[in-house]
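Below is one structure, written out as structure tokens; the observations come after it.
The values are calculated or read from the model by the stated rules, or taken from the named source; none is laboratory data. Predicted, not measured: the structure shown is a model, and the values here were computed from it. Cβ sites come from the backbone with ideal geometry, for glycine too, and all protein chains shown count toward neighbours.
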Amino acid sequence: MRWLRHYDQGIPETLAPYPERTLLDDVSEAVAERPGAPALLFKGRTVTYGELARLSDAFAAALTGLGVARGDRVALLLPNCPQFLICELGAWKTGAILVPLNPIYTEQELEGALGRTGAETIVVLTPFYGRVKAVQPRTATHRVIATSIKEYLPPLLRVLFTMAKERKDGHRVSLAAGDL
């Protein structure tokens, strides 16, 4: 493997043997040992390990209630925000396969990715909702869950966002029938 010669000195060619743990194990351990410790920092708001576990458990339960089962694909059309990690952990807890998608995909790229993966469920940030709805009829995606970036902003920033940016920048959407 030619790229190995470009590794810095002292960097191993492999991380094997790999640990017999998953990221879910690591988060669970962090929750048990330090539930009040910061797990996520976002725009001045902290989400603790305990909150992260509770929120991802709730999302997992919601997915299960919607009929998502082990092996189903759950797509995420989200930027780096708390919802991404909450949904990722929640999907894994149901046994679903996560399909992270690039939020700047064009409609054509989004349609291709959803078509190739067969994702039946997608979680989308509200400004990207219209793009998902435009391609949805040509994909297997029938569950659309929209989330707003303001859900995890600190209180003052949330108010300012609502007043100054939400409507103007396309963050406020009207959901189609059946969408959550």
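Considering only the stretch 164-178, how many residues are at pLDDT 85 or above and either surrounded by fewer than 13 Cβ atoms within 10 Å (Cβ to Cβ) or among the small types (Gly, Ala, Ser) (or both)? Residues flagged as at pLDDT 85 or above and either surrounded by fewer than 13 Cβ atoms within 10 Å (Cβ to Cβ) or among the small types (Gly, Ala, Ser) (or both) within the stretch 164-178 amount to 4. Going through (1) under 18 Å from the mean Cα position of the chain (by Cα); (2) farther than 30 Å from Asp169 by Cα one by one, Thr121 falls short only on (2). Can you pull out every residue in the stretch 153-180 that is within 22 Å of Arg45 (Cβ to Cβ), charged (D, E, K, R) and in contact (Cβ under 8 Å) with a residue 12 or more places away in the chain? Selection gives Glu166, Asp169, Arg172.
None of Val74, Val68 is in a loop (DSSP other than H, G, I, E, B) and surrounded by 16 or more Cβ atoms within 10 Å (Cβ to Cβ) except Val68.
Any residue at all in the stretch 51-65 that's surrounded by 14 or more Cβ atoms within 10 Å (Cβ to Cβ) and part of a loop (DSSP other than H, G, I, E, B)? There is no residue in the stretch 51-65 that is surrounded by 14 or more Cβ atoms within 10 Å (Cβ to Cβ) and part of a loop (DSSP other than H, G, I, E, B). For the stretch 105-143, filtered to residues that are of a type in the set (A, V, I, L, M, F, W, C) and in contact with an Asp or Glu (Cβ under 6 Å, 6 or more places away or on another chain), the residue that is nearest to Ala60 (Cα to Cα) is Ala140.
Just wondering, is there one or more residues in the stretch 131-152 that are in contact with a helix residue (DSSP H, G or I) (Cβ under 6 Å, 6 or more places away or on another chain), touching a residue at least 12 places away in the same chain (Cβ under 8 Å) and of a type in the set (Phe, Trp, Tyr)? Yes: the stretch 131-152 contains one or more residues that are in contact with a helix residue (DSSP H, G or I) (Cβ under 6 Å, 6 or more places away or on another chain), touching a residue at least 12 places away in the same chain (Cβ under 8 Å) and of a type in the set (Phe, Trp, Tyr). Determine whether Val47 is touching a residue at least 40 places away in the same chain (Cβ under 8 Å) and either surrounded by 14 or more Cβ atoms within 10 Å (Cβ to Cβ) or over 13 Å from the mean Cα position of the chain (by Cα) (or both). Judged against the criteria, Val47 is a match.
Condition check: touching a residue at least 60 places away in the same chain (Cβ under 8 Å), outside any loop (DSSP other than H, G, I, E, B) and not basic (Lys, Arg). Does Ala30 satisfy that? No; evaluated as a whole, the condition is false for this residue. Yes or no: the stretch 77-89 includes at least one residue that is in contact (Cβ under 8 Å) with a residue 24 or more places away in the chain, within 30 Å of Leu156 (Cα to Cα), surrounded by fewer than 17 Cβ atoms within 10 Å (Cβ to Cβ) and more than 19 Å from the chain's Cα centre (by Cα). Checked against the condition, which is being in contact (Cβ under 8 Å) with a residue 24 or more places away in the chain, within 30 Å of Leu156 (Cα to Cα), surrounded by fewer than 17 Cβ atoms within 10 Å (Cβ to Cβ) and more than 19 Å from the chain's Cα centre (by Cα), the stretch 77-89 yields no hits at all.
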